[in-house]
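The values are calculated or read from the model by the stated rules, or taken from the named source; none is laboratory data. Quick caveat: nothing in here was measured; it's all calculated off a predicted structure. As a convention, Cβ positions derive from the backbone with ideal geometry for all residues, glycine included, and neighbour counts pool all protein chains shown. SASA here: full protein model, heavy atoms, side chains in, ligands and nucleic acids out. Shrake-Rupley method; radii C 1.70, N 1.55, O 1.52, S 1.80 Å.
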Amino acid sequence: METERKRKIAIITGASSGLGREYVRCLDRRNAEYHDGHAAEPLYDEFWVIARRQERLEALQDEVRTPLVILPLDLTARDTVDTLSSLLQKQQPDVRMLISAAGFGKIGSCEEIPLQEADRMIDLNCRAAVDVTQVCIPFMSSGSHIMEICSTAAFQPLQYLNVYAASKAFLYRYSRALCAELWSRRILVTAVCPYWIGNTGFIPCAKSTSGADRIHSFPFSGRAEEVAERSLSDTMLGLSVSTPGIFCSIHRVLARLLPAELAMAGWELVRRL
């Protein structure tokens, strides 16, 4: 008797806005192109989309052809991962793609960013990303992909973005080590490290503190559409690190060559522009 095929899914966190929402659109276009090319089966049967704002997730279904499973979860709540884990255990899907795009940053000194906001950054950017990844891995098979959305901020310490940069450095190192651990299972992990993205809510959110003027401008910011497409292409090529743009690529090289003190001195000049 033929066994029933497992449903192939992609899980995207932070899917209600910004880069996470753009990844849903990009995956949907690729899914449609693959299926319309007369493939017997789609790349993905459905997307599981995770974010706090249910109404925005529901509105996203009108923009894509792939069926969405709406999961309005706050990943900073510690029991959230139990909800996701239980659903995975019940449905037993084949997780072909995990995109961990939930995250945020705040601009300001250690005295200007409230303790609660610093804790939330660490919770969402670090703990939640690890928790979601850990519960998804058992449901992945050979050829699955994990995208951890880090940042070019992961490459060096950044004064007045100290907690954010440190949280992304954690996620970057976690991703690189996870890539090596999962290589034997042919599960590919990519640390995505973009530069500023101008057309998302990240910059307005980051500036919503008393220390917003610590960074005067955000020159050469990229666009979410370009970052999503390029980083997805890098991921499908099996790259362990994606720097989807010229400035984040240059930053990665310079950060490897320069001592941290000199890199921080350079950032001190850039943030005052």
Revision key, fill the gap. Pairs returned, first residue in the stretch 51-64 that is closer than 22 Å to ASN125 by Cβ and touching a residue at least 24 places away in the same chain (Cβ under 8 Å), second residue that is basic (Lys, Arg) and in a loop (DSSP other than H, G, I, E, B), beta-carbon separation under 6 angstrom, 6 or more apart or interchain, are none
Review point. Which condition breaks for ALA228 when tested against (1) in a loop (DSSP other than H, G, I, E, B); (2) open to solvent by less than 20 Å² (accessible area, probe 1.4 Å)?
Key: (1)
Study note, to complete from the structure: Reported set for the stretch 53-102 where residues are modelled with pLDDT of 95 or more, touching a Pro at 6+ places or on another chain (Cβ under 8 Å) and in a loop (DSSP other than H, G, I, E, B) is THR66
Exercise for review: Return a yes/no flag: does the stretch 253-268 have any residue that is closer than 25 Å to LYS106 by Cβ and touching a strand residue (DSSP E or B) at 6+ places or on another chain (Cβ under 7 Å).
Suggested key: no
Check your understanding: Quick check, is SER184 in a helix (DSSP H, G or I) and open to solvent by less than 20 Å² (accessible area, probe 1.4 Å)?
Key -> no
